[in-house]
Amino acid sequence: MRVYLIRHAQSENNALTSPNLDNPSRQSDPSLTRKGWEQCATLTAWCAKESNSTYKEVTEIWTSPMRRCLLTAKAVEDGLRTGNARVHGEIFEHGGCFEGGRGGLAQENSTSGGGGGGG
């Protein structure tokens, strides 16, 4: 079995001047920036080009329920023409969804753990 990891395309949080977790401008579940949408289009084209060779044996696509990840997974799915992206609720940003900065004022929207790294 081979596992390929693809990080999500650029999110609105990634594009903040100060994208750290303490920034109150962060969104709990941001969409993609214009650059992120362009990255998805490029990813779709690249996956389509590779779908009959390098990635012809891809049988599953797993994604977080976070919007930026769903949109990126859709780009991969469209390129590979698999139609089988699976959402796994236990895959999400460290700490889960939250509103505002993390400096003690954040309101948690998640009650379970989770893996992952940034937004």
* **Index of the failed condition, C40 passing every other in (1) open to solvent by less than 30 Å² (accessible area, probe 1.4 Å); (2) not in a helix (DSSP H, G or I)** => (2)
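So which residues in the range 43-59 are of a type in the set (S, T, N, Q) and either assigned to a loop (DSSP other than H, G, I, E, B) or over 17 Å from A9 (Cβ atoms) (or both)? Walk me through it before giving the result.
Let us first name the residues in the range 43-59 that are of a type in the set (S, T, N, Q), namely 44, 51-54, 59.
S51, N52, S53, T54, T59 - these are the residues of the range 43-59 that are of a type in the set (S, T, N, Q) and either assigned to a loop (DSSP other than H, G, I, E, B) or over 17 Å from A9 (Cβ atoms) (or both).
The values are calculated or read from the model by the stated rules, or taken from the named source; none is laboratory data. In this text the structure is predicted, and so the values were computed from the model without any measurement. All Cβ positions, glycine included, derive from the backbone under ideal geometry; neighbour counts span all protein chains shown. When the accessible area is computed, the model is the full protein with side chains, heavy atoms only, and any ligands, DNA or RNA have been set aside. Shrake-Rupley method; radii C 1.70, N 1.55, O 1.52, S 1.80 Å.
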